[in-house]
Amino acid sequence: MSDWPRASEWLAGASDDPAALVVAGVPLTELAVTAAGYEHGPAAIRSRLAKLSTWHGERGLSLDDVPVRDLGDSPQPPPLTAPLTVLLGGHNAVTWHALAGEPLDRWGLLTLDAHHDVRPYEAGAVGNGSPVRALIDAGLPGANVVQVGIHGFSNARAHRQWCESEGVRVLGPEHMGDAGVLLDELATRCEAIYVDIDLDVLDRAFAPACPGSRPGGVTPRQLLDAAFAAGAHPRVRAVDIVELDPLSDVAHITTDTAALALLNVAAGLFRRPPQPEP
């Protein structure tokens, strides 16, 4: 057995444990606000896992103790029936496709994103600029939506006003460290929580592969800590990692952050308190 187990080998483990972390690629690219190679994101993330280990030295835990099952890629996300599902995008419409069939009145949504994603859309044509609006239109209570990382000069006044009219809580990049607290607050009124990690919340210096990233965003460290908090929270049932165009990356910096976000979510799952037997 190798003394340097690779994260790619961990993901290939194909566990049949019903409590396993489920990973699925959702290579959506149609109806993008800005055309980009989002469909290459899932494969690129998986490929960079070969450069990373399974040992989280800062937190003293190993992903070798986290069962995982990779479902491969499909344009349609799998049902959110596992204890935790991580969806690798693809662009941000993944959030809409993953949640649209769920009982939305029971869900909460935490978006880590530079943008509100509430652009008007045509019926049946939800792109990456509209998933939050489409979900609220479909029945997700606006008061169950919290947005963290919203950038200045990257959104329209009308979109902010629409969020406020629907009761959406909007916070800037300086609140990224509050992810755990915000999840706790959502858990007081939601049975399940979905966390949307849009990589363009990162500062442009760290996200050349995100068409929507701008200067003034968060650091990879802040994002990875939030990803860990999402994985560790017992009400979080799904996380997506989206808006990666690896064809535009520089030295794999954005793709590596996406891969590390996946590993930090998995590490957080390891730290969840034991759940009572049904």
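Mind listing whichever residues of the range 65-90 are free of Cβ contacts under 8 Å to residues at least 60 places away in the same chain and either hydrophobic (A, V, I, L, M, F, W, C) or surrounded by fewer than 13 Cβ atoms within 10 Å (Cβ to Cβ) (or both)?
Leu71, Gly72, Ser74, Gln76, Pro79, Thr81
Identify, by number, the condition in (1) among the basic types (Lys, Arg); (2) under 25 Å from Pro79 (Cβ atoms); (3) touching an Asp or Glu at 6+ places or on another chain (Cβ under 7 Å) that Arg48 doesn't meet.
That leaves (2) as the condition not met.
Only one residue in Ala229, Ala258 is of a type in the set (Gly, Ala, Ser), closer than 22 Å to Val66 by Cα, in contact with a helix residue (DSSP H, G or I) (Cβ under 6 Å, 6 or more places away or on another chain) and in contact (Cβ under 8 Å) with a residue 60 or more places away in the chain. Which one?
Result: Ala258 is the single residue among Ala229, Ala258 that is of a type in the set (Gly, Ala, Ser), closer than 22 Å to Val66 by Cα, in contact with a helix residue (DSSP H, G or I) (Cβ under 6 Å, 6 or more places away or on another chain) and in contact (Cβ under 8 Å) with a residue 60 or more places away in the chain.
Please determine, by comparing only the residues of the range 11-45 that are more than 18 Å from Asp240 (Cβ to Cβ) and polar (S, T, N, Q), which one is surrounded by the fewest Cβ atoms within 10 Å (Cβ to Cβ).
Among those residues, the one meeting the criterion is Thr34.
Six or more apart or on different chains, Cβ atoms under 6 Å: show the pairs whose first residue is in the range 12-23 and modelled with pLDDT of 95 or more and whose second is among the polar types (S, T, N, Q).
Here the result reads Val22/Thr85, each pair linking the range 12-23 to a residue that is among the polar types (S, T, N, Q).
Would you confirm, using the coordinates I've provided, whether Gly57 is buried (at least 16 other Cβ atoms within 10 Å of the Cβ) and either on the phi < 0 side of the Ramachandran plot or among the polar types (S, T, N, Q) (or both)?
no
Can you confirm whether the range 154-168 contains a residue that is in contact (Cβ under 8 Å) with a residue 24 or more places away in the chain and part of a strand (DSSP E or B)?
Looking for residues that are in contact (Cβ under 8 Å) with a residue 24 or more places away in the chain and part of a strand (DSSP E or B), one finds none in the range 154-168, hence no.
Go through (1) surrounded by 24 or more Cβ atoms within 10 Å (Cβ to Cβ); (2) in contact with a Lys or Arg (Cβ under 6 Å, 6 or more places away or on another chain); (3) assigned to a loop (DSSP other than H, G, I, E, B) for Ala259 and report which single condition fails.
Unmet for Ala259, out of (1) surrounded by 24 or more Cβ atoms within 10 Å (Cβ to Cβ); (2) in contact with a Lys or Arg (Cβ under 6 Å, 6 or more places away or on another chain); (3) assigned to a loop (DSSP other than H, G, I, E, B): (3).
Just give me the residues in the range 20-45 being of a type outside the set (Val, Ile, Thr), out of contact with any helix residue (DSSP H, G or I) (no Cβ under 7 Å at 6 or more places or on another chain) and under 16 Å from Pro78 (Cβ atoms), in sequence order.
Listed by number, the residues that qualify are Ala20, Ala24, Pro42.
Pull up the range 178-227, narrow it to residues that are charged (D, E, K, R) and crowded, with 21+ Cβ neighbours inside 10 Å, then point me to the one that is nearest to the chain's Cα centre (by Cα).
That would be Asp196.
Could you please give the count of residues in the range 236-256 that are surrounded by 15 or more Cβ atoms within 10 Å (Cβ to Cβ) and not in a helix (DSSP H, G or I)?
12
With respect to the numbered conditions (1) surrounded by fewer than 18 Cβ atoms within 10 Å (Cβ to Cβ); (2) modelled with pLDDT of 95 or more, which one is the sole condition not fulfilled by Ala93?
(1)
The values are calculated or read from the model by the stated rules, or taken from the named source; none is laboratory data. Everything quoted here is computed from the prediction, not taken from an experiment. Cβ sites come from the backbone with ideal geometry, for glycine too, and all protein chains shown count toward neighbours.
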